[in-house]
Amino acid sequence: MNQLTALQLNDNEFSGTLPSLSKATELNILFMENNRLDGTLPPFTNQSKLVFLSLDNNQFSGSLPVFTFTDPHASANTTSPLQIITLHNNDFVHLHLHLWYVFS
């Protein structure tokens with residue numbers, strides 16, 4: 001699984017918690033919208049190449065893990081290429097933001 005770069009499992013009615021992706025160190029894209037996944041999000045610490053994360057329309061709850069975003073216009077280079085994250089229609093606590101951001 002360490003060579004996996006993209007995982008798209010939308011609209012499958014998967015339920016339960018998000019399985020560990022700790023061995024998917026090459027993962028760039030993770031789309032798992034429109035399922036019935038629940039529980040808290042794990043930290044994505046081993047996914048240093050993750051660019052797109054979309055988990056809309058699930059049943060995730062609790063607090064969000066810390067995400068590091070990269071601004072391609074910034075002069076300093078950071079360690080994470082994460083540019084897009086969408087988590088609409090979940091049950092996170094203390095979340096009052098429209099959670100999507102795209103650097104362009």
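The values are calculated or read from the model by the stated rules, or taken from the named source; none is laboratory data. Treat the numbers as computed from the prediction; the structure is a model and nothing was measured. Glycine gets a Cβ as well: all are built from the backbone with ideal geometry, and neighbour counts include every protein chain shown.
Results, tabulated for the structure shown:
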quantity	calculated
Within the chain, strands (runs of 3 or more DSSP E) holding 1 or more residues that are modelled with pLDDT of 90 or more	6-8, 15-17, 29-31, 36-39, 52-54, 59-62
Number of the exception - residue 9 against (1) over 19 Å from residue 57 (Cβ atoms); (2) surrounded by fewer than 16 Cβ atoms within 10 Å (Cβ to Cβ)	(1)
Region 1-39: number of residues that are within 12 Å of the chain's Cα centre (by Cα) and β-branched (Val, Ile, Thr)	1
